[in-house]
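What follows is one structure encoded as structure tokens, with my remarks underneath.
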Amino acid sequence: MLLVAATTDAPADRDIAFTQLADPAPGPALVLAEHMLRGLVWHQADGSSQPKAAEGSVRVPLWACHLDHEMGEATFFATVQWRPDAAVLARFDRTAPPAVDPAELASWAAEVVQQNALVNFPVPRPGQRSAEGPEAEVKITLTSRVNPLAVARLLRDHLPATGVPVFGPTVHRRILRSDIYLPPGGRRREYAALTPRPDGTWWAKAKVLKDGRLHKSIRPAATRDQALTLVTDALGPPRLVHAGQLHRTTWDISTPADPDGHWATVTVDTTTLAPCPGTLQQVEIEYGACFTADSATASAARIQRAVADAADTVAAVLTDHHIPHTLNGQSKIEHFLAAGDADARH
């Protein structure tokens, strides 16, 4: 039996609904076609019936659990891509299911997903992109809770249909957990993130101030210790301070390339930083790459302008569809630590 958890692409829908499908073909991935999910009976985690989806919306899988009772095994999958006709899910965990009442299986599976889901595949970046240089990124904070998938679909459908498409109508999804480290002395704009990958390796990410601008470096590491060494070298001694664990779920799309070949990634991001309270939702617009090899079109100023133009377009779409937002240059780390400071003062 395959237990499927899904949301819809309706802006106000943040509920998770469950349904059951026949056993899938074995393998490291699942493809759930949109027509397979139409007309099914959906229910809540406790087994009670789920209201029908809003008119015009579709069910979009978030994760699935295949229960093999003969083998005594539960295999988990998480969505990594969604396009209009299907969702692609990748396997991320395998465990023995507990002896629980069938009505409690959905709650148990949801808890396993919350603790263990990790799908950290890089978003495709076709074209030319320098590995060095100042960060080119704009952050837009969503000031009221919305369904992040609905925002991603809205942006996918309403960004200008001009230029060279990067990965068409596909929306990519990532689930990341990162240990966050700060340099001592309260320099909160600079930080490091150690992020495990599904294959057991790590990303070592550091954001460092140079000449008043943030520069980002991301390097692969075979082990966590090696990743920590890399970011410590980047941020400099003395020993870094552990600030908490960042949990991010993202839906990622691309902008069409502009006339000079520049395009950006647009990430709808839902984030928490334990042990800080609260949840942050943002839309990040980050430089993707350039389809041309002409260095004249890839200067730092030209890249910054390409990102700013894409951010203006994203903000206009949010405004047109009445999604409250504000332009905010704060990083996620600064946001949560500032909120913690405010709580401590009260």
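Just one of the listed residues (A257, A227, A264) is crowded, with 18+ Cβ neighbours inside 10 Å, among the small types (G, A, S), over 30 Å from D9 (Cα atoms) and more than 15 Å from the chain's Cα centre (by Cα), and it is A227.
With respect to Q304, is the statement that it is on the phi < 0 side of the Ramachandran plot and modelled with pLDDT under 80 true? Criteria not met by Q304.
Among the residues of segment 320-346, those identified as out of contact with any strand residue (DSSP E or B) (no Cβ under 8 Å at 6 or more places or on another chain), open to solvent by 80 Å² or more (accessible area, probe 1.4 Å) and at pLDDT 75 or above are D320, H322. Close contacts from segment 109-128, counting a first residue that is at negative phi and modelled with pLDDT under 90 and a second that is in a loop (DSSP other than H, G, I, E, B) and charged (D, E, K, R), with Cβ to Cβ under 7 Å and a gap of 6+ residues or different chains, come to N120/R197. Selection over segment 113-129 of residues that are out of contact with any Cys (no Cβ under 9 Å at 6 or more places or on another chain), surrounded by 15 or more Cβ atoms within 10 Å (Cβ to Cβ) and under 16 Å from A74 (Cβ atoms) gives a count of 1.
Residues in segment 235-276 that are over 25 Å from L209 (Cβ atoms), aliphatic (A, V, I, L, M) and in contact with a Pro (Cβ under 6 Å, 6 or more places away or on another chain): V268 alone.
Report yes if D93 is modelled with pLDDT of 85 or more, of a type in the set (D, E, K, R) and either in contact with a Ser or Thr (Cβ under 7 Å, 6 or more places away or on another chain) or more than 25 Å from L154 (Cβ to Cβ) (or both), otherwise no. So D93 fits the description; yes.
Taking segment 233-247 as the range and being touching a residue at least 12 places away in the same chain (Cβ under 8 Å), at negative phi and either surrounded by fewer than 13 Cβ atoms within 10 Å (Cβ to Cβ) or in a strand (DSSP E or B) (or both) as the test, the residues that pass are P238, R239, V241, H242, A243, Q245, L246, H247.
Rundown of residues vs (1) surrounded by 14 or more Cβ atoms within 10 Å (Cβ to Cβ); (2) in a helix (DSSP H, G or I); (3) basic (K, R), yes/no style:
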| residue | (1), (2), (3) |
| --- | --- |
| V80 | yes, no, no |
| V88 | yes, no, no |
| P97 | yes, no, no |
| V100 | no, no, no |
| L105 | yes, yes, no |
| W108 | yes, yes, no |
| E111 | no, yes, no |
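Note on segment 210-223: among residues that are closer than 20 Å to D179 by Cα and out of contact with any Lys or Arg (no Cβ under 6 Å at 6 or more places or on another chain), the one that is most open to solvent (accessible area, probe 1.4 Å) is R219.
The values are calculated or read from the model by the stated rules, or taken from the named source; none is laboratory data. What you are looking at is a predicted structure, and each value in this text was computed from that prediction instead of being measured. Glycine gets a Cβ as well: all are built from the backbone with ideal geometry, and neighbour counts include every protein chain shown. For accessibility, only protein heavy atoms count, side chains too; no ligands or nucleic acids. Shrake-Rupley method; radii C 1.70, N 1.55, O 1.52, S 1.80 Å.
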